[in-house]
Structures are given as structure tokens and as C-alpha cells.
Amino acid sequence: MSNPTDQHANPVVTRFAPSPTGHLHIGGARTALFCAAYARGHGGRFVLRIEDTDQKRSSDAAAAGILDDLAWLGIDWDDGPEHGDRGGDERGVGPFEQSQRREHYDRFFQQLLDAGMVYPAFDTPDELSAMRKAAEAEKKTFIYRQPAGYDHAAALERAKTDEHVLRFKMPPEPVTVNDQILGEVTFPYEELDDLVIRKKDGFPTYHFAVVVDDELMGVTHVVRGQEHLNNTPRHVALMKALGFEVPTFAHLPLIFNPDGSKMSKRDKDKAVRAAVKQAEGVKDALANAGSADEQRHFAKWLKDKTVQLPQERLIAIAAQLSVDLPEIDVEDFRRAGYLSEVVINYIALLGWNPGVKTDEGKDLERFGRAYLDEHFDFGRVGKTASKFDRDKLRAFNFDTIQAMQPAEFVDAWRAWAARYDAGLLDELSGETMLMLAPAVQQRAAVLSECRQPIAFLFADDSSIEYDEKAVKKHVLKGEPTGLDLLGAFRDELDGLADFTPEAIEAVAASFCESRETKLGKLAQPVRVAITGSAVSPPLGVTLAALGKARSLARIDRALTQIPQITPG
Ligand code: GLU
């Protein structure tokens with residue numbers, strides 16, 4: 001259902017315009033997803049633009065990381081930087097990095113200068129801060145206006161030599177933003193300052209670049225987070241001054257943590273800071289690690305909440321202190337081992353829902369990208385903040401992993417390991433992973449948890465620690481004892497040429513049958529010998545994955561060591 005005000009003669013063009021100053025935040029991914037879905041669902045195009053006008057904070061590495069995260073999520077852009085089969089400039093509206101588009105901005109600066117709609121301003125930072133303080137003293141918000149008696153001709157002359165910014169002379173009238181989600185929002189002139197559109201270094205500000213680029217790239221729908229709502233009247237005023245068509249706007253609700261705080265990258269910092277403060281023993285070691293500069297920064301960070309540690313350091317400390325870092329960026333969710341299709345499904349629900357019941361009468365929540373593309377519209381996007389519920393995301397991921405075919409699961413597991421746990425691929429062949437898959441799938445909610453159910457494989461054969469309770473219950477009791485069965489079964493295993501789960505299960509079954517023993521009576525002591533505990537994947541898989549030589553070595557060790565543990 002289209003809103004009647006949402007009529008454009010031109011085909012739909014949406015855009016996602018990240019600033020490459022860090023990782024892609026999960027909220028940014030949601031914006032990109034909704035932009036892509038809306039374009040797909042309306043036969044339009046989706047543009048990706050890199051907003052790198054803040055030269056100091058932007059980096060190529062961050063831009064590349066954002067493209068990679070979007071590609072991982074399966075968010076595909078038509079026009080934009082090339083990445084695999086994404087991107088390109090079919091319509092000739094590029095380049096897509098704002099730093100490469102200065103001639104366009106210059107052209108429109110000139111247009112506004114010629115029309116007398118902008119003016120040079122020479123205020124120093126001190127002067128601006130004094131004006132701000134004066135406004136504060138009167139309990140007013142500071143609004144910059146062209147000073148009374150401003151001499152335009154003299155200013156243009158002075159601008160030839162003196163450092164200055166260009167400010168847009170805000171027309172003295174209210175601006176109404178017609179938003180697809182929030183409805184009409186009117187901003188009085190009194191709240192709209194004469195904003196800076198060109199910085200001292202000649203670069204456009206975000207406000208100006210975004211307006212020019214949205215026009216030149218034919219953007220019909222500006223979809224972005226509500227944190228940008230206050231910018232929008234400024235953009236609308238600029239668009240009108242430049243004679244541009246005003247696009248349709250849709251401002252998406254903010255994303256909050258369940259405790260009501262804004263979901264931000266500082267959450268990671270907070271978690272680590274709290275843990276470090278409690279970890280008295282390691283605090284000194286951490287404080288003395290690294291270069292003198294790093295040590296100084298660490299000390300500052302510990303005292304001052306507004307100071308942040310580099311991401312990599314946070315991750316390292318969190319690992320050292322076994323602190324779970326809250327996932328905030330797409331990269332965090334990737335590292336934890338969420339599946340991209342699950343992340344897509346979950347973030348689609350942040351502020352939007354299909355409004356459809358399942359056959360069981362529940363809200364439809366599980367759907368794929370194709371469904372979203374077909375059904376997404378702004379009419380069902382909420383106005384108020386949405387809460388990020390990690391438990392629900394985790395449950396979605398667990399259910400999806402469980403439902404996967406083992407081969408499909410192994411593909412996902414290997415792709416994850418290639419990026420985050422390359423050692424795993426050295427330790428386990430694809431075939432072994434496939435063998436282990438069903439057991440692992442039952443126990444791992446995210447891919448980073450897949451090692452846990454098979455941790456016995458990575459232990460040293462000569463350092464298995466036997467769980468005392470399991471030993472007493474399964475190995476030392478019974479008639480014959482578990483240990484007796486283990487000894488006899490060891491020789492059967494030794495004689496097996498084909499050490500596959502099926503062959504092992506078959507030999508175990510006939511072993512038990514001939515002794516009129518239940519399989520569990522044999523399986524449990526074997527598990528204790530192999531893993532130290534009575535919990536492991538199915539017997540055949542446990543032994544086959546470990547291999548014959550290591551299985552026999554562990555059983556032999558158990559046969560000699562366990563009798564030294566006295567039954568309780
Ligand atoms: N570069 C802006 C950001 O990353 C984009 C805002 C917009 O979509 O206009 O927040």
C-alpha cells in the first residue's frame with residue numbers, strides 16, 4: 001500500500017550512505033536492508049554511497065569493511081562501489097565516494113553564491129563558543145544567524161584571502177517534512193540556523209553533500225534513522241534553494257537495548273571497563289602492557305568514560321577476562337557465528353512486522369529476504385524505538401542451525417571458521433566435520449559455540465581428566481564393571497579395519513548382544529575414557545572423529561589410570 005503522498009514520476013531509487021569511520025553498526029545494516037528491500041519491491045534501484053567528507057575520521061579500510069559486511073548479509077546494491085558482482089555505474093551517476101565528487105559540490109556552491117543565498121563567515125572557534133555561552137546564559141539554544149549589518153560585498157572580498165566557511169542563509173519560514181513513518185513534522189524557522197555548508201578546508205559538510213548527491217543520483221526515497229530527523233528540514237530548505245525536487249522521507253525508529261539505553265558501540269567499552277575494575281589482579285598487567293602511549297591511553301580510559309579503547313584491544317581484554325562483549329556491529333554478530341540470513345530476518349523485525357498471523361495464530365516472524373522484498377512498506381514501520389532482544393536472535397539462530405541439512409551446516413561452519421578460527425580447519429577435515437555435524441547442531445546456538453561439544457577432540461590424549469562422579473557411576477560399578485567391558489571392547493576396536501561410525505556402532509551392538517548388556521553400559525565407560533565425562537556425541541561418531549590410534553591411546557590410558565581411583 002503506497003501512501004498517496006508517495007507518488008513519484010521517476011522509478012524508485014533508494015540509497016544507503018554510510019560514513020566509513022568504523023564498522024557497520026547493526027542499525028545501519030537495518031537501514032540498508034530496508035532501502036534495498038523497498039527498491040527491490042518497487043522495481044527500483046538501490047544506491048550505495050560512501051560519505052567520506054570527514055577526511056580525518058574516514059578510512060578506506062572502514063569503507064571496505066562496510067562493503068564486505070553488506071555483501072555478507074546479502075544486501076545487494078545496484079549503483080555504487082564495485083564489490084564482486086555488486087555495484088557499478090550503469091546510470092553514470094558516480095563516483096560514489098563523496099571525496100571524489102568535489103566538482104559537483106563546487107558547482108552548486110557557486111550557484112548559491114551567485115543567487116546570494118550563502119555567505120562567507122569568518123568566526124573563530126572562540127567567537128562561536130562565546131556566542132554559544134551567551135545563548136546558554138539566556139537559556140536559549142544557540143542559533144547562528146547572519147550578523148546585522150553584514151556587508152556582503154566586503155565579505156566576498158575578504159574571503160579571497162581569509163579562511164572562512166560558507167553558511168546557508170536559512171529562509172525565514174517554517175519547514176514541514178512529510179515523513180512516510182512519522183507523518184508531517186513542522187520545524188519553526190526559529191530552530192533552523194544558518195548552517196555551514198562548506199568547511200574551511202573547502203569540503204562540503206554532510207548536509208550539503210547529501211543534498212547534492214541525492215539529487216544527482218536520482219534518489220526518490222531517503223530512508224534513514226530517526227537520529228537524522230533534525231537534519232531533514234535543513235536539507236529540505238537547501239533542496240528548495242537549489243531548485244531540486246524534494247524526495248520522500250522515511251525515518252526509521254532508533255534501536256535500544258532491552259534496558260532502554262541506546263544501543264551503541266560504547267556498550268562494549270562499558271562491559272570491559274566494569275570487568276577490568278573488578279579484576280584487581282590483572283589490572284596492573286593490563287595497565288603496563290604495550291607502548292608508553294598505549295599505557296597512558298589505558299590509564300586515561302580507566303578513569304574517563306568518554307575515552308575509548310581501540311576495538312581490537314577491547315576484544316583481547318574481553319577474551320582474557322572471559323567477558324562476553326555485547327554485539328553491536330555486524331562484524332560482532334559475524335564473529336559470534338550468527339547466520340547472515342538469521343541476522344537479516346531479525347533486523348527486519350526491528351521496527352517493522354508483516355502484520356500477518358501464522359497457521360497457529362502467532363505473529364509471523366520467521367521469513368526470508370524474498371518475503372521482505374515483496375512485503376516491506378513504510379506503513380508498517382513503527383514510530384517508537386525498537387528493542388534489540390539478543391535472546392530472541394539467539395533462539396532464531398539456534399532453530400535455524402538445528403533445521404539445516406548437515407552438509408549445509410558444514411558449509412556455514414567452514415566459512416565461519418575460515419574467517420575466525422582457521423585452526424579448526426587444520427584440525428578437522430570436511431569429512432570429519434560432516435560426521436560431527438548433527439551432534440554439534442544440537443548443542444550450538446551460534447557457530448562460535450561449535451567447538452564446545454567436541455572439545456574432547458582438541459585435548460591432549462595424555463591429559464584427559466576423568467570426572468570422578470562419572471568414573472564411579474559408569475566405570476567402576478557393575479558386574480562386569482565398565483572397566484572390564486572397556487578392556488574387552490578395546491580389542492574389538494583394535495581389530496576394526498574400517499574405523500567409521502557405522503562400523504563402530506555395529507561392533508558395539510554385537511559386543512553388547514553377545515554379553516547380554518545394554519549399549520549404555522558400554523558406551524558410558526568408553527565416553528569417560530575418551531572425553532573424561534559421560535557426555536559426548538554418539539559413540540561411533542565420538543570414536544571415529546578422534547581416529548583409531550588416538551581412541552586406543554585414550555582407552556589404554558584409562559585402563560591403567562582409572563583403577564587407581566578408589567570406588568566411593
Ligand atoms: N553518512 C550519514 C550517516 O552515516 C548518512 C545519513 C543519511 O542517510 O543521510 O549517518
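Under the condition of being of a type in the set (Ser, Thr, Tyr) and buried (at least 21 other Cβ atoms within 10 Å of the Cβ), the residues counted in segment 179-198 number 0.
The single condition among (1) at negative phi; (2) within 16 Å of the ligand (Cβ to nearest atom); (3) outside any strand (DSSP E or B) that Glu190 does not meet is (2). Note on segment 326-339: residues that are out of contact with any His (no Cβ under 9 Å at 6 or more places or on another chain) and either free of Cβ contacts under 8 Å to residues at least 24 places away in the same chain or surrounded by fewer than 20 Cβ atoms within 10 Å (Cβ to Cβ) (or both) amount to 2. Considering Glu465, Glu513, the condition of being at pLDDT 95 or above and outside any loop (DSSP other than H, G, I, E, B) is satisfied by Glu513 alone. The condition of being surrounded by fewer than 18 Cβ atoms within 10 Å (Cβ to Cβ), at pLDDT 95 or above, in a helix (DSSP H, G or I) and aliphatic (A, V, I, L, M) does not hold for Ala558.
The rows are residues; the columns are (1) within 28 Å of Leu434 (Cβ to Cβ); (2) surrounded by 17 or more Cβ atoms within 10 Å (Cβ to Cβ); (3) small (Gly, Ala, Ser).
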{"residue": "Ala459", "(1), (2), (3)": "yes, no, yes"}
{"residue": "Val471", "(1), (2), (3)": "no, yes, no"}
{"residue": "His474", "(1), (2), (3)": "no, yes, no"}
{"residue": "Asp494", "(1), (2), (3)": "yes, no, no"}
{"residue": "Thr517", "(1), (2), (3)": "no, no, no"}
{"residue": "Gly520", "(1), (2), (3)": "yes, no, yes"}
{"residue": "Ala544", "(1), (2), (3)": "yes, yes, yes"}
{"residue": "Gly547", "(1), (2), (3)": "yes, no, yes"}
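The residues of segment 351-388 that are surrounded by 20 or more Cβ atoms within 10 Å (Cβ to Cβ) and within 23 Å of Trp416 (Cβ to Cβ), listed by number, are Arg369, Phe388. You will find that of Asp363, Asp399, Asp373, Asp391, the residue that is closer than 18 Å to Leu73 by Cβ and acidic (Asp, Glu) is Asp373 and no other. Quick check on Asp399: is it modelled with pLDDT of 95 or more and more than 15 Å from Leu339 (Cα to Cα)? Taking the combined requirement at face value, the residue does not satisfy it. Please work out if Arg394 is surrounded by 14 or more Cβ atoms within 10 Å (Cβ to Cβ), within 20 Å of the chain's Cα centre (by Cα) and closer than 17 Å to Phe333 by Cβ. Yes, satisfied. The number of residues in segment 193-235 being aromatic (Phe, Trp, Tyr) and either under 25 Å from Ile26 (Cα atoms) or part of a helix (DSSP H, G or I) (or both) comes to 2. Ile75 falls short on exactly one of the conditions (1) over 17 Å from Arg369 (Cβ atoms); (2) of a type in the set (Val, Ile, Thr); (3) within 16 Å of the ligand (Cβ to nearest atom), and that condition is (1).
Just give me the residues in segment 482-498 being out of contact with any Ser or Thr (no Cβ under 8 Å at 6 or more places or on another chain) and either assigned to a helix (DSSP H, G or I) or aromatic (Phe, Trp, Tyr) (or both), in sequence order.
Gly482, Leu483, Asp484, Leu486, Gly487, Ala488, Phe489, Arg490, Asp491, Glu492, Asp494, listed by residue number.
Would you pick out the residues in segment 216-232 that are away from the ligand (no atom under 13 Å from the Cβ) and in contact with a helix residue (DSSP H, G or I) (Cβ under 8 Å, 6 or more places away or on another chain)? Matches in segment 216-232: Leu216 only. So for segment 58-76 (the condition being among the acidic types (Asp, Glu), surrounded by 14 or more Cβ atoms within 10 Å (Cβ to Cβ) and assigned to a loop (DSSP other than H, G, I, E, B)), does at least one residue qualify? For segment 58-76, residues among the acidic types (Asp, Glu), surrounded by 14 or more Cβ atoms within 10 Å (Cβ to Cβ) and assigned to a loop (DSSP other than H, G, I, E, B): present. Taken as a whole, the structure leaves Thr161 outside the set of residues that are among the polar types (S, T, N, Q), out of contact with any Leu (no Cβ under 7 Å at 6 or more places or on another chain) and either touching a residue at least 12 places away in the same chain (Cβ under 8 Å) or assigned to a strand (DSSP E or B) (or both). Being modelled with pLDDT of 95 or more, hydroxyl-bearing (Ser, Thr, Tyr) and in contact with a strand residue (DSSP E or B) (Cβ under 9 Å, 6 or more places away or on another chain) is a property that holds for Thr31. Looking only at segment 173-183, which residues are under 17 Å from His221 (Cβ atoms) and not aliphatic (A, V, I, L, M)? Once the filter is applied, which keeps residues that are under 17 Å from His221 (Cβ atoms) and not aliphatic (A, V, I, L, M), segment 173-183 yields Asn178, Asp179, Gln180, Gly183.
The values are calculated or read from the model by the stated rules, or taken from the named source; none is laboratory data. What you see is a predicted model; the values in this text were computed from it and never measured. Neighbour counts run over all protein chains shown; Cβ positions are idealised from the backbone, glycine included.
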